Structures are given as structure tokens and as C-alpha cells.
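Below is one structure; the comments refer to it alone.
The values are calculated or read from the model by the stated rules, or taken from the named source; none is laboratory data. Keep in mind the model is a prediction, meaning the values are calculated, not measured. Counting neighbours? That spans all protein chains shown, and the Cβs are built from the backbone with ideal geometry, glycine included.
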Amino acid sequence: MNNRLDSILRDPSLVTPALVLDFDAIDTTYLRFLSAFPGAEIFYAMKANANPLVIKRIAELGGGFEIASLAELELALSAGGAGERILCSNPIKNVPFLKRMHEVGVYAMVVDSTYEIEKVARHAPGARVYIRLAVDNSGAVLPLAGKFGVDGDTALALCDLAQERGLQPIGIMFHVGSQCLSSSNWVNAIQSASDLWHAAAARGHHFTFLDLGGGYPAGSYHDASIPTIENIGMDVMMAIHEYIPHTPGMKLILEPGRAMVAEGGRLVVEVVGKAERGSETWLYLDAGVFNGLMETFEGFPPIVQPLDEESLERPLHEFTLAGPSCDSCDVIARKVALPETHIGERLVFFDAGAYTNEYAAAFNGFPIPQFIGLGVERHQAHVETELEHMPN
Ligand SMILES: Cc1ncc(COP(=O)(O)O)c(C=O)c1O
């Protein structure tokens, strides 16, 4: 932990719950992506953390944005993201959103149904479109499969229909699932994309766009079983060279959300209550599944420890961690091993920069964690120098 971050987290006057995000970590991660995936372009998935300061930082780094809604579009534009540096990979878009994307010249948008193609053709005539391919999500902690995506044959029929309706089918995207722990998910998806790429070419569609989606995992500093951005980049780039036909002017897109912002974030919470119930000892925190820790409700394991290092000397116990609200589903995790912990003490959740405040609501009157950005103003010269030396 760097010293400034450490002193903010340990400041007893810090009002909890608090999400502290280190912006230097975003710079570092952005550069790691660029060097692990040479030639790829980053379109940050805003849903992971759409704090305007984060959006501004990504725009300063030269990143584009993957958006899902009209509000995200306006935010990306106001942070300086030009229309052509914006993609929409949400397969379901309402009419006002489509019209505004058309007006500002969003580079391209995804489609995965005949209905969506008809809607896009009507409200964003002539748009570039790409098809969302359904791929295996089994290596991911949070699988996203099922709701979106089509098989290869359906994708071909959609390309034909898009062309007939005056749209420009330019390529393919997929999502391997969030916090994907196996690079073979991407490799297998690239093989499926390759089959579609060739079949589409045989029907006269010239693809120039391959979007590898999100899914890059966070947490590589805490758990050696989590592949790094570099591990994934190596396997993915080899697969692309092997399976995707060399296409001059091809756009290779990454849509990282979690990995871009999670590791820079720490969520500091206070223990506001404690109870023995049957065999369980409960700790009630001032943030729960409604106001910051929603992902734990989806089965995501929290990485948590006491803020006060002296308490690490105490004997370990298993706790059930719960949020402060009156709703009985507000349980963060069970069987969490922590040193003996008392009311008034603080805990810190790691890798908390993504899908925390973004999901949060002040349900039952419990506030969304205050946001503290560290290094927001300090856009390091060395980042710009390194960006200049990145391969294109
Ligand atoms: C279309 C799309 N792209 C990118 C992402 C970002 O995924 P992750 O945060 O796992 O990188 C998501 C997340 O749901 C998504 O739906």
C-alpha cells in the first residue's frame, strides 16, 4: 500500500463507509493493458465505475468508452470522449438512446436479434453494427451467459439482415464472463469468432472489428491463481495471430471494466453492531449489499481484513458479515476468518474500485460510501511518455 493511501485509510476522522480510489493505479493498469495487447484499443466499460473523475482520467489516457445507456453516453461526451471513441455493446437500446448515438456519431453498436436490427435501422440509419456471439463463460466467477448473444448461424443471418436494412456489419464481440480466471475462455471464443469471420467472408461480409469484451480479472496481487493481464494478453494475442485472418486496418477492442478500476479501490467500513446467533458470530458493518457490497450477494468472495494491523495479532474467528439495513438478505458473507473484532473497529475491503458505489443505493437511509480520489490531479508526465512509446 502506498503511504498516502495508507494515511487516508487510517485517518480516524475518515467518515465511513468510504471508497478510496488510487488514480495512479488506473494509469498503471491502462499501460499494462496496452503493452500486453499490442495494437489493441481500450474502450473502458463505464458500468464498472462511472465516477466522472474516473471517466475523465480514462479520456486523458486516450481511452474510449463502452456504454450501455443514454446517461453513460452523456457522461462520456462531457468528459471529452468523442463519438467515434464510443461503442455500445448493450444488445438492448431504447429509442432516445439510439437517436442520440446516431446524432453524435458513436463508432458502432452491437446487435443480437432481428428486432434490434429493425430498431437500429430505423433510428440510427446506416450505423456500423457488430454481432454479439454467445461464448462459454464457465471459467468466470460471475458468468454473464444466457441473457445475450447468438450462435454462429444466427449471427450470419443477422449480418445478412443488417446489410439488407442498410446497416454496416463490421464484426464480432463476445464476453467471456466477469472475473474470468481462465485465458482459455478467450482463446475458445476467438476460435468461434474465427469460424464466423470466415463464414461471413464467404457470404460477402468484410469484417474489420473484433471486440474481446471485458472479463479481465482483478486481484492478481493477492492471489497467485488469478491470471495477470500479461498472462491473458500473451494467450489472446497468440490466438488472434493463429485464428483471425490478417486484415489491414482491423480494430482489436478491449472493454475492461473491473480490471481497470478494482485494484485501486479500498472500501473502509466500521463495525456498528455484533451478535451471537446460534453458532454464528455476526458483525454488522455500515456498508452492506445495498450500499456498496452488492457483488458479494452474487457470490463474489470479499477480500477483507482489519484496518488496524495490531489486531492481526489477535486469535482468528469465523464471522458472518452483514450490512446495516433491516433487510434479512443484507448478508455480505459467511465464515469469514478475521481476528477478534469489536464494535467501533474498522475493516478494509480490497479490490473495491469496481461494481461497488456504482451498484449502491441509500436503501433504508444508509448512505452510499463517500468517494475519495487519490492522485486525481496528478497526471504523471511519465504516463504520457510511456504512452508515446507504446506500439500502435
Ligand atoms: C458488454 C460489456 N462489456 C464489458 C463489460 C465489463 O466486464 P468486466 O467488468 O468483467 O471487465 C461488461 C460487464 O458486464 C459488459 O456487459
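So S113 passes all but one of these: (1) within 15 Å of the ligand (Cβ to nearest atom); (2) modelled with pLDDT of 95 or more. Which condition number does it fail?
Here S113 clears every test but (1).
Let me spell it out: the conditions are (1) in contact (Cβ under 8 Å) with a residue 12 or more places away in the chain; (2) in the same structural domain as G39 (by TED's automatic domain parsing), and G299 meets all of them except one. Which number is the exception?
(2)
What are the residues in region 201-210 that are more than 30 Å from S178 (Cβ to Cβ) and assigned to a loop (DSSP other than H, G, I, E, B), if any? Steps first, please.
Pass one, region 201-210, residues more than 30 Å from S178 (Cβ to Cβ): 201-204, 206.
Result: R203, G204, H206.
Quick one: in region 277-292, of everything that is on the phi < 0 side of the Ramachandran plot and in a loop (DSSP other than H, G, I, E, B), which residue is surrounded by the fewest Cβ atoms within 10 Å (Cβ to Cβ)?
Result: S279.
Of the conditions (1) surrounded by 20 or more Cβ atoms within 10 Å (Cβ to Cβ); (2) touching a helix residue (DSSP H, G or I) at 6+ places or on another chain (Cβ under 9 Å), H123 clears all except one; give me its number.
For H123, the exception is condition (1).
Considering only residues of region 211-250 that are among the β-branched types (V, I, T) and either away from the ligand (no atom under 16 Å from the Cβ) or assigned to a helix (DSSP H, G or I) (or both), which is farthest from G139 (Cα to Cα)? Steps first, answer last, please.
Within region 211-250, the first condition is being among the β-branched types (V, I, T), and the residues that meet it are 226, 228-229, 232, 236, 240, 244, 247.
Among the residues that remain, those that are also either away from the ligand (no atom under 16 Å from the Cβ) or assigned to a helix (DSSP H, G or I) (or both) are: 229, 232, 236, 240, 244, 247.
Values: I229: 15, I232: 13, V236: 15, I240: 20, I244: 22, T247: 29 Å.
So, considering only residues that are among the β-branched types (V, I, T) and either away from the ligand (no atom under 16 Å from the Cβ) or assigned to a helix (DSSP H, G or I) (or both), the one farthest from G139 (Cα to Cα) is T247.
Keeping to region 254-276, report how many residues are within 10 Å of the ligand (Cβ to nearest atom) and assigned to a strand (DSSP E or B). Can you show your working first?
Residues of region 254-276 that are within 10 Å of the ligand (Cβ to nearest atom), as a first pass: 254-262.
Right, trim to assigned to a strand (DSSP E or B) and you get 254.
Qualifying residue count for the region: 1.
Output the strands (runs of 3 or more DSSP E) that fall wholly within region 8-101 and possess 3 or more residues being more than 16 Å from the ligand (Cβ to nearest atom) and either in contact with a Lys or Arg (Cβ under 6 Å, 6 or more places away or on another chain) or of a type outside the set (G, A, S) (or both), or say none. Let's see the steps before the verdict.
Values: elements: 18-22, 41-45, 64-67, 86-88.
Fully inside region 8-101 and qualifying: 18-22.
Within region 65-87, count every residue that is in contact (Cβ under 8 Å) with a residue 40 or more places away in the chain and either of a type in the set (K, R) or touching a helix residue (DSSP H, G or I) at 6+ places or on another chain (Cβ under 8 Å) (or both).
Step one: of region 65-87, the residues in contact (Cβ under 8 Å) with a residue 40 or more places away in the chain are 66, 85-87.
Going one step further and asking which of them are either of a type in the set (K, R) or touching a helix residue (DSSP H, G or I) at 6+ places or on another chain (Cβ under 8 Å) (or both), we end up with 66, 85-86.
So the count comes out to 3.
If you check every pair at least six apart or on different chains, which have Cβ atoms under 8 Å apart with a residue in region 2-15 that is closer than 13 Å to I372 by Cα first and a residue that is in a helix (DSSP H, G or I) second?
L14/I8
I'd like the full set of residues that are β-branched (V, I, T), touching a Ser or Thr at 6+ places or on another chain (Cβ under 8 Å) and closer than 27 Å to S178 by Cβ, limited to region 281-312.
First pass over region 281-312, keeping only residues β-branched (V, I, T): 281, 289, 296, 303-304.
Checking which are touching a Ser or Thr at 6+ places or on another chain (Cβ under 8 Å) leaves us with 281, 289.
V289, the sole residue that qualifies.
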